[in-house]
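Take a look at the structure below.
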Amino acid sequence: MTTTESVQTMVRLSVAAYALALASVAVAQQGQPAPSTRAASPAADGIANEKSFAAIESGKWTGKRLPDGQPDVAGDWSNTIANHDNFTDPQGGIPGDPSPVARSRKLGPREERAPSRVSDPADGELPYQPWARAKQQEFAVGFFNAVKPEYIEPLARCAPSGIPKSFYWHGYEIRQYPGYVVFLFGSGWRIIHLDGKPHLPANIKLWNGDSRGHWEGITLVVDTTNYNGKGMIATSGATARIRGIHESEALHVVERFKRVDANTISYEVTIDDPNVYSAPWKVSLRLTKDANYLIYEYACHEGNYAMEGILRAGRAKDKAAETVAK
């Protein structure tokens, strides 16, 4: 089998696996309405130009609770300044983008743009270990000419988006059941167990990790371990400032979903991976209920544009091998 054929086969298998996963969700949700497959609605007014987000303090929850006592957080949700092309400078464009449009773009002063998604450290930068920063910078260049598999993020290969990356991407639906909270994304799903049982054995590794949660008043606290180390912490799209850093199997994520009012959740996540970063760091976002948001299936497919570089390199290698054989 040639290199090109191998890549094409890998993509076919990924698509088949994704279709099987979606079928599994349908079976598990007997009698439940399926998420919409229509395109998402435009972003809410003002999100693209939001310059800051204030610290959110929650008050006493007076809204609806479920029979098992959970505060009702079900519905469609989205973020505010998260879904942009630059993790530490959300309105600053894609670092290293070689396109003429990007080169001609004029940016105003940094203080007039949205703050970094990183809320701790205070400077909004990630505490990379030197090797990890170098690897990330290599990826930032390789992304625009992905001739190696490691320059392509998992989502482009039909693999899960990962946690917490899924919350930096499009919107999602939250469903609640006795003992569980379920998140439905355009690229898969996530189940949070509330039964108090310990994490899975350490030798079991998962793309999205193993999530165990509990409620502290009106705050859902989720502890996630057991990562397989193949994913990325960063957003999808072209977020070159952070994309390319693959978390290790030592990744430990703690999330706090604080229900502020009927339409707002304060989301804070602490990311701790001692193999990649010199210290834990935090991301803070404001999640808003969006009745107009419609979940759609992420269209990963054979021949995805992100894989064109690898396919070109494979064809060149095959051609060279044929020439030598002659």
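The values are calculated or read from the model by the stated rules, or taken from the named source; none is laboratory data. If you're wondering where the values come from, they're calculated on a predicted model, not measured in any experiment. Every residue, glycine as well, gets a Cβ built from its backbone with ideal geometry; the counts of neighbours run over all protein chains shown.
Couple of notes before you dig in:
- Condition broken by Ile192, with the remaining ones in (1) at pLDDT 90 or above; (2) among the hydrophobic types (A, V, I, L, M, F, W, C); (3) surrounded by fewer than 20 Cβ atoms within 10 Å (Cβ to Cβ) satisfied: (3)
- When the residues of segment 247-266 are filtered to those that are crowded, with 20+ Cβ neighbours inside 10 Å and not in a loop (DSSP other than H, G, I, E, B), the one that is modelled with the lowest pLDDT is Arg259.
- Verdict on Val283 being modelled with pLDDT of 90 or more, β-branched (Val, Ile, Thr) and closer than 30 Å to Trp77 by Cα: no
- In segment 147-156, the residues that are assigned to a helix (DSSP H, G or I), within 18 Å of the chain's Cα centre (by Cα) and more than 30 Å from Ile265 (Cα to Cα): Glu150, Tyr151
- Condition check for Phe144 on (1) farther than 20 Å from Phe87 by Cβ; (2) more than 18 Å from the chain's Cα centre (by Cα); (3) free of Cβ contacts under 8 Å to residues at least 60 places away in the same chain: one failure, at (1).
- Residues (under 23 Å from Ala140 (Cα atoms), under 17 Å from the mean Cα position of the chain (by Cα), of a type outside the set (Lys, Arg) and surrounded by fewer than 20 Cβ atoms within 10 Å (Cβ to Cβ)) located in segment 267-293: Asp272
- Condition met for Ile174 (of a type outside the set (Ser, Thr, Tyr), modelled with pLDDT of 80 or more and part of a strand (DSSP E or B)): yes
- All positions within segment 149-193 that are basic (Lys, Arg) and farther than 12 Å from Trp207 by Cα: Arg157, Arg175
- Reported count of residues in segment 177-211, each being closer than 27 Å to Tyr293 by Cα, touching a Ser or Thr at 6+ places or on another chain (Cβ under 8 Å) and either basic (Lys, Arg) or not in a strand (DSSP E or B) (or both), is 4.
- Of the criteria (1) free of Cβ contacts under 8 Å to residues at least 60 places away in the same chain; (2) farther than 22 Å from Ser284 by Cα; (3) not in a helix (DSSP H, G or I), which one Ala159 fails: (1)
- Scope segment 111-136; condition free of Cβ contacts under 8 Å to residues at least 60 places away in the same chain and either part of a loop (DSSP other than H, G, I, E, B) or surrounded by 12 or more Cβ atoms within 10 Å (Cβ to Cβ) (or both); matching residues: Ser116, Ala122, Asp123, Gly124, Glu125, Arg133
- In segment 195-220, the residue that is modelled with the lowest pLDDT out of those that are among the small types (Gly, Ala, Ser) and surrounded by fewer than 17 Cβ atoms within 10 Å (Cβ to Cβ) is Gly217.
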